[in-house]
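**Student:** Can you read through this structure? Questions will come right after.
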């Protein structure tokens with residue numbers, strides 16, 4: 001039932017009538033502009049969980065991490081392309097070169113998957129779901145997010161997922 005308020009309404013010069021009118025919920029959005037944090041800022045447990053400062057901190061951290069990974073991948077791909085010119089006649093050197101490039105490509109693929117996870121985390125920040133478990137909606141915790149900024153689950157939910165994966169892998 002909507003809330004009502006007593007409003008005095010003049011009916012005539014000498015009489016006033018009390019009328020009940022519904023109160024409309026008005027929310028005023030106070031925009032203070034973007035939140036700025038210092039370079040040395042670290043989220044604290046005594047702050048409100050996933051406040052604007054926390055979101056800005058993790059957005060910056062994830063964005064910088066993504067840039068570093070992209071730069072490292074580009075350098076690895078460029079250097080790998082340069083190494084292809086050194087084809088040796090020795091079969092052992094060729095095998096060694098093949099293994100090295102294979103290991104490097106696996107590392108690059110892992111980093112590409114990590115970049116995808118970073119993009120998902122950045123999307124969760126925009127959607128205000130970052131920092132909360134995808135299964136239970138409980139807070140993941142600052143310590144876990146500091147250690148693994150792309151974490152999607154609480155430790156208990158992550159262990160359950162890993163256990164389920166192991167069970168399915170054994171089938």
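**Student:** Return the only residue of 108, 155 being surrounded by 14 or more Cβ atoms within 10 Å (Cβ to Cβ) and at pLDDT 85 or above.
**Tutor:** 108
**Student:** Please find, among 122, 142, 134, 77, the residue that is surrounded by 10 or more Cβ atoms within 10 Å (Cβ to Cβ) and touching a helix residue (DSSP H, G or I) at 6+ places or on another chain (Cβ under 6 Å).
**Tutor:** Testing whether each residue is surrounded by 10 or more Cβ atoms within 10 Å (Cβ to Cβ) and touching a helix residue (DSSP H, G or I) at 6+ places or on another chain (Cβ under 6 Å) leaves just 122.
**Student:** Across the range 11-57, which residue is modelled with the lowest pLDDT among those that are touching a strand residue (DSSP E or B) at 6+ places or on another chain (Cβ under 9 Å) and part of a loop (DSSP other than H, G, I, E, B)?
**Tutor:** Filtering the range 11-57 for residues that are touching a strand residue (DSSP E or B) at 6+ places or on another chain (Cβ under 9 Å) and part of a loop (DSSP other than H, G, I, E, B), the one modelled with the lowest pLDDT comes out as 23.
**Student:** Within the range 86-105, count every residue that is surrounded by 13 or more Cβ atoms within 10 Å (Cβ to Cβ) and over 30 Å from residue 150 (Cα atoms).
**Tutor:** Going through the range 86-105 one residue at a time, the tally reaches 1.
**Student:** Which one of the conditions (1) under 30 Å from residue 35 (Cα atoms); (2) without any contact (Cβ under 8 Å) to a residue 12 or more places away in the chain does residue 78 fail to meet, given that it meets all the rest?
**Tutor:** It is condition (1) that residue 78 fails.
The values are calculated or read from the model by the stated rules, or taken from the named source; none is laboratory data. Keep in mind that what you see is a predicted model, and the values were worked out from it rather than measured. For neighbour counting, all protein chains shown are included, and Cβ atoms are generated from backbone atoms with ideal geometry for every residue, glycine included.
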